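The values are calculated or read from the model by the stated rules, or taken from the named source; none is laboratory data. All values derive from a computational prediction rather than experimental measurement. Positions of Cβ are backbone-derived with ideal geometry, glycine not excepted, and every protein chain shown enters the neighbour counts.
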Amino acid sequence: VTARTALVGGEILQRLNGRWVAAPATVVWADGRVVEVAPPGRSVQDATEVSAAGRLVVPGFLNAHYHSTDQLFRGQLDRGPLEAWVEPWGALGDLADEDVLAAAGWAALELLRSGTTRVIDHFAPARSANLVRKVLREYDSVGISATLAPLIGNRLYADVPPLGQGAEPTPDEVDTLLGEVADLVRGVSGRGHSLLLGPSAPQRCSDALLRGLDRLAREHDLGLHMHCAESPLHARTAGALWGTSAVQHLADLDLLGPRLSLAHCVWLTPDEIRLLADSGTTVVHNPTSNAALGSGIAPVRQLLDAGVAVALGTDGVEASGPTDIFRTLRDTHDLSRLRDADPATWLSTHEVLDLLWCGGRAVFGDRVGQVAEGADADLVLLDLGHPAFRPRVDVADQLVLHADPTAITDVYIGGRHVLRERATRGAEVDTALNRLEDAWQSVARLTEHRPPESYRQRVHAAYARRSNE
Ligand SMILES: [Zn+2]
């Protein structure tokens, strides 16, 4: 007989007629999957009862773009723009494995404490299958089911127009890199772990590399995840490199489609939006880092109107602040009001939750993003006595605009009780933070990898020129 658990006495958040509403119900699961969402009061046979009285029960939060290694750069990078901020990442290859793992260990706890049950970690440095497997174990140890997208590229920001023009990677260099990626894929996939290929961005990969990664992805039946159209300089880069837009370039390489998700997509033409919609490509909206780095505000309403699935990501902590999907929800809501003049286009709190859970399903699959029969028992419990929910008005408004991680009491992933009564074990938090702090000390030397002042000035001049155009 399979063990069944019945969560009783809580209010379950579900989507009805386009709105997220809470109603009392009992959730029953077995083997990690929900088998029944029953009306309250109906007795459930052969199940261990767990009380969720005074709790709002919502689907686990889906974070579709994150970089765990970013934890090591807290407070160390230039405050933007993107091209100046990101350049020291070139030194990632120098990091010791134990530092990278310390970052992943704390990232996993920080994600869990803010209710994230599924995450795409666009992970660097992707130097070996061994390291990637160890990072996945860091996530496993707190109970999070992570999808790793090893970050791959062969051009630097400084080497693409309008900031510079580096030498084109040679066929031998591309073959060597592809061989390393193939080894990594063989060493990680097929072991019950989720893996995507993570080209850094169209302009940071040569065409030969993108074609090779696409071939590899098809061979191993893997999806692809990459940054795209993040910065205002991006259109000039695309024009200079390919004589067309980035999304058209990806279409020309036959990369678009449901197995591709693109993070950011701030700067898109109407033609590019149509290409994304027609191909079924998913966009991951990262409003907080886009604002923090001055990248811009993505055209979410236009993407939704065209029929593009849009998921949400927090992006890394060095850009976005502490990992907190509640902030992403609020920023998604608020920034839609700054992007377009017509209030009729602004996103409602219910639509923001659609992005989180329905958009997230386009990336993570149909078994997540809802509390329903057949779904994974990935559940976040929030305290309805928390100030965010008092007085009780519209629960979607309160979740998006007022709640924060302190409202979370418990998290279940695949039916496992991985966060209990508000905190993970105190000692575990201290250990992870101490480990992170040690790692942070040892990589402080990476500030030496800051790009020269002349490069920073070149980036600033390129941004200033744009705003004067
Ligand atoms: Zn990113």
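What to note about this one:
- Screening the candidates Ser200, Ser189 for the property of being out of contact with any Cys (no Cβ under 9 Å at 6 or more places or on another chain) and crowded, with 21+ Cβ neighbours inside 10 Å yields one hit, Ser200.
- Lone qualifier among Leu256, Leu262 - being within 16 Å of the ligand (Cβ to nearest atom), hydrophobic (A, V, I, L, M, F, W, C) and either crowded, with 24+ Cβ neighbours inside 10 Å or assigned to a loop (DSSP other than H, G, I, E, B) (or both): Leu262
- Hey, Ala306 within 16 Å of the ligand (Cβ to nearest atom) and on the phi < 0 side of the Ramachandran plot or not: no
- Failed item, numbered, when Gly115 is tested on (1) more than 21 Å from the chain's Cα centre (by Cα); (2) more than 16 Å from the ligand (Cβ to nearest atom); (3) not charged (D, E, K, R): (1)
- The set of residues from region 272-288 being touching a helix residue (DSSP H, G or I) at 6+ places or on another chain (Cβ under 7 Å), polar (S, T, N, Q) and within 10 Å of Leu262 (Cβ to Cβ) comprises just one member, Thr282.
- Residues that are under 21 Å from Thr406 (Cα atoms), surrounded by fewer than 21 Cβ atoms within 10 Å (Cβ to Cβ), at pLDDT 95 or above and out of contact with any Phe, Trp or Tyr (no Cβ under 6 Å at 6 or more places or on another chain) do not occur anywhere in region 353-372.
Okay, residues lined up against (1) of a type outside the set (Val, Ile, Thr); (2) within 16 Å of the ligand (Cβ to nearest atom):
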site	(1), (2)
Val132	no, no
Arg137	yes, no
Ile144	no, no
Thr147	no, yes
Leu151	yes, yes
Ala167	yes, no
Glu173	yes, no
Leu178	yes, no
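- Lone qualifier among Glu110, Glu83 - being charged (D, E, K, R), under 26 Å from Leu293 (Cβ atoms), in a helix (DSSP H, G or I) and within 16 Å of the ligand (Cβ to nearest atom): Glu83
- Of all residues in region 197-210, those satisfying the criterion of being more than 24 Å from the chain's Cα centre (by Cα) and not acidic (Asp, Glu) are Ser206, Ala208.
- Summed over region 31-57, residues that are under 13 Å from Ala375 (Cβ atoms) and surrounded by 13 or more Cβ atoms within 10 Å (Cβ to Cβ) total 7.
- Scanning region 289-302 turns up at least one residue that is of a type outside the set (A, V, I, L, M, F, W, C), under 26 Å from Arg15 (Cα atoms), more than 16 Å from the ligand (Cβ to nearest atom) and surrounded by fewer than 20 Cβ atoms within 10 Å (Cβ to Cβ).
- Among the residues making up region 401-438, a single one is within 21 Å of the chain's Cα centre (by Cα), assigned to a loop (DSSP other than H, G, I, E, B) and not small (Gly, Ala, Ser): Asp404.
- Number of residues in region 90-114 that are charged (D, E, K, R) and surrounded by fewer than 20 Cβ atoms within 10 Å (Cβ to Cβ) equals 3.
- Residue within region 300-309 that is farther than 23 Å from Pro343 by Cα and not in a loop (DSSP other than H, G, I, E, B) present: no
- Selection from region 217-244 of residues that are assigned to a helix (DSSP H, G or I) and either under 20 Å from Gly307 (Cα atoms) or more than 23 Å from the chain's Cα centre (by Cα) (or both): Glu219, Ala235, Arg236, Thr237, Ala238, Gly239, Ala240, Leu241, Trp242
- Residue in region 245-260 that is among the hydroxyl-bearing types (Ser, Thr, Tyr), under 11 Å from Pro202 (Cβ atoms) and more than 16 Å from the chain's Cα centre (by Cα) present: yes
- Cβ-Cβ under 7 Å pairs, at least 6 apart or on other chains, region 44-73 side within 30 Å of Pro199 (Cβ to Cβ), far side away from the ligand (no atom under 16 Å from the Cβ) and aromatic (Phe, Trp, Tyr): Pro59/Trp357; Leu62/Trp357; Leu62/Phe364; Gln71/Trp106; Leu72/Trp440
For every residue, the table says whether it meets (1) away from the ligand (no atom under 16 Å from the Cβ); (2) modelled with pLDDT under 95; (3) among the β-branched types (Val, Ile, Thr).
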| residue | (1), (2), (3) |
| --- | --- |
| Ile12 | yes, no, yes |
| Val21 | yes, no, yes |
| Thr26 | yes, no, yes |
| Val50 | yes, no, yes |
| Ala64 | no, no, no |
| Asp94 | yes, yes, no |
| Trp106 | yes, no, no |
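- Every condition in (1) touching a residue at least 12 places away in the same chain (Cβ under 8 Å); (2) surrounded by fewer than 24 Cβ atoms within 10 Å (Cβ to Cβ) holds for Thr314 except the one numbered (2).
- Subset of region 115-131 that is of a type outside the set (A, V, I, L, M, F, W, C) and crowded, with 24+ Cβ neighbours inside 10 Å - its residue that is farthest from Arg420 (Cα to Cα): His122
- Check on Ala208, surrounded by fewer than 20 Cβ atoms within 10 Å (Cβ to Cβ), modelled with pLDDT of 95 or more and touching a helix residue (DSSP H, G or I) at 6+ places or on another chain (Cβ under 8 Å): yes
- Within region 316-337, tally of residues that are modelled with pLDDT under 95, within 14 Å of the ligand (Cβ to nearest atom) and not hydrophobic (A, V, I, L, M, F, W, C): 4
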